[in-house]
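Structure record follows, encoded as structure tokens.
The values are calculated or read from the model by the stated rules, or taken from the named source; none is laboratory data. As the structure is a computational prediction, the values presented were derived from the model and not from experiment. Ideal geometry is used to build each Cβ from the backbone, glycine not excepted, and the neighbour counts take in all protein chains shown. Quick note on the areas: whole protein, heavy atoms, side chains included, nothing else; ligands and nucleic acids left out. Shrake-Rupley method; radii C 1.70, N 1.55, O 1.52, S 1.80 Å.
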Amino acid sequence: MDEEIAVAAGDDAASVGAALRLAVSRIARRLRQTHAVGDITLSGASVLARLSREGADSPGSLAESERVRPQAMAATLAALEERGLVRRTQDPADGRRSVMTVTEEGRQVLMDRRSESVQRLADVLGREFTAEERNALVGVLPLLDRLAERL
């Protein structure tokens, strides 16, 4: 693993991209493995988080924001709606359009999921990383956020 990460030490964009993809994928996979069977999907969690953070939105706008096809968003929203995690209502400005909002149950599922992942991350960061290493990670977070927005 360290050999693969060392390749990214230079400024070669392809090498950095490959090492970053590998590291992020490993983290995401490990965090996913901690969630219970039947838990919401990653795309479902992302939609819940967006609705919770940004408020009501249309299915089309959500698909665009999440960079998925409208059909994929429709399936994600249907699954969330079936579980009572989101609610569909008419757009007050345009009655032909629907908007989605997160329900209280959806907020609770999102909070529980975050708490579980955050606790797992906090445990490892506190036990296996020095304060200096944690500070280095904090320094990279704005870059990772900017990268996520540009993808």
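Between a residue in region 79-96 that is within 15 Å of Gly55 (Cα to Cα) and any residue that is open to solvent by 60 Å² or more (accessible area, probe 1.4 Å) and modelled with pLDDT under 90, which pairs come within a Cβ distance under 6 Å, given they are 6 or more apart or on different chains?
Final answer for the pair search is Asp91/Arg97.
Quickly run through region 123-139 and pick out the residues that are exposed (fewer than 10 other Cβ atoms within 10 Å of the Cβ) and under 30 Å from Arg67 (Cβ atoms).
Val138, Gly139
Can we say Leu51 is open to solvent by less than 90 Å² (accessible area, probe 1.4 Å) and within 19 Å of the chain's Cα centre (by Cα)?
Values: open to solvent by less than 90 Å² (accessible area, probe 1.4 Å): yes; within 19 Å of the chain's Cα centre (by Cα): yes.
Criteria met by Leu51.
When the residues of region 68-121 are narrowed to those that are in contact with a Leu (Cβ under 8 Å, 6 or more places away or on another chain) and assigned to a loop (DSSP other than H, G, I, E, B), which ends up nearest to Ala45 (Cα to Cα)?
It comes out as Leu85.
Just checking, which of Arg21, Arg32, Arg50 is assigned to a helix (DSSP H, G or I) and either touching a Pro at 6+ places or on another chain (Cβ under 8 Å) or at pLDDT below 90 (or both)?
Working: Arg21 fails: either touching a Pro at 6+ places or on another chain (Cβ under 8 Å) or at pLDDT below 90 (or both); Arg50 fails: either touching a Pro at 6+ places or on another chain (Cβ under 8 Å) or at pLDDT below 90 (or both).
Only one candidate passes the filter, namely Arg32.
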